[in-house]
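Engineer: Here it is, the structure, as structure tokens.
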Amino acid sequence: MADVPYRVLTLDGGGAKGFYTLGVLREVEALVGMRLHEKFDLIFGTSTGAIIAAMLALGHSVDEIHALYKKHVVTVMACKKPADKTAALKALATEVFKDQTFEDVKTGIGIVATKWINDRPMVFKASKDQAHGRQGTFKPGFGCTIADAAGAGRLKAIAFRCLDNPLGAALLDRTGALLHFAGHLRADSWNGKIGVQFMIDDAAPVGAL
């Protein structure tokens, strides 16, 4: 029996450059004559590519995604301050994905983020078949919503019970300063919703490392 091809679609980032990606995907969709989640076994994306990948995997057509970009992306990219852009992206992700999770996708998906602590990738996946070991404890998307994984919101950074130790004093003494942080990610469940928290274990001033 002939080998069955495993089709993978990978989408780069680049903010408003997602319009170029969508232009190519429109041609691919017309060529194959079906929505892309029906053709590709796995769709990977990062940054704006992660948003497109997630919508494709949820079953949206390229034209539907393009209409969303025309409506929102120009406004988001017009934000000058990083905090304003983050807030706009979070609002957009909430509107688009609502509470949808990785269990709602219709094909394999990988949303690529970066662990800035060690500059290594962190991939949110939907299927335990994609897991590297530990399949028994695998949770689709680490239990996060698609909106969180697509990078639309910022992480909550928490230094738990640190006010009475040197870490707490150092953080308070350097309010507003640039710092390097070491810590770990964990799922945060609150009011029935799951997000991602960054738990601070240690900190050092920029330039000290």
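The values are calculated or read from the model by the stated rules, or taken from the named source; none is laboratory data. Just so it is clear, the model here is predicted, and its values are computed rather than measured. Don't worry about glycine lacking a Cβ; one is built from the backbone with ideal geometry, like all the others, and counts go over all protein chains shown. Please note that ligands, DNA and RNA were not included when accessible areas were found on the heavy atoms of the full protein model with its side chains. Shrake-Rupley method; radii C 1.70, N 1.55, O 1.52, S 1.80 Å.
Engineer: Given 63, 99, which one is outside any helix (DSSP H, G or I) and open to solvent by 50 Å² or more (accessible area, probe 1.4 Å)? Can you show your working first?
Structural biologist: On the way: 63 fails: outside any helix (DSSP H, G or I).
Result: 99 is the single residue among 63, 99 that is outside any helix (DSSP H, G or I) and open to solvent by 50 Å² or more (accessible area, probe 1.4 Å).
Engineer: Turning to a different aspect of this structure: Run residue 88 past the list (1) touching a Cys at 6+ places or on another chain (Cβ under 7 Å); (2) among the aliphatic types (A, V, I, L, M); (3) closer than 22 Å to residue 141 by Cβ and report the number of the one that doesn't hold.
Structural biologist: Among (1) touching a Cys at 6+ places or on another chain (Cβ under 7 Å); (2) among the aliphatic types (A, V, I, L, M); (3) closer than 22 Å to residue 141 by Cβ, residue 88 violates only (3).
Engineer: Shifting gears a bit: Of the numbered conditions (1) touching a Pro at 6+ places or on another chain (Cβ under 6 Å); (2) open to solvent by less than 50 Å² (accessible area, probe 1.4 Å), residue 93 satisfies every one except a single condition; which is it?
Structural biologist: (1)
Engineer: Working only within segment 21-60, note down all residues that are basic (Lys, Arg) and in a helix (DSSP H, G or I).
Structural biologist: Step one: list which residues in segment 21-60 are basic (Lys, Arg), which gives 26, 35, 39.
Once the filter is applied, which keeps residues that are basic (Lys, Arg) and in a helix (DSSP H, G or I), segment 21-60 yields 26, 39.
Engineer: Of the residues 13, 18, only one is open to solvent by less than 30 Å² (accessible area, probe 1.4 Å), farther than 19 Å from residue 140 by Cβ and assigned to a helix (DSSP H, G or I); which?
Structural biologist: The conditions single out 18.
Engineer: Does residue 44 fit the bill of being within 22 Å of residue 141 (Cβ to Cβ), in contact (Cβ under 8 Å) with a residue 60 or more places away in the chain and surrounded by 14 or more Cβ atoms within 10 Å (Cβ to Cβ)? First the steps, then the outcome.
Structural biologist: Numbers: within 22 Å of residue 141 (Cβ to Cβ): yes; in contact (Cβ under 8 Å) with a residue 60 or more places away in the chain: yes; surrounded by 14 or more Cβ atoms within 10 Å (Cβ to Cβ): yes.
Taking the combined requirement at face value, the residue satisfies it.
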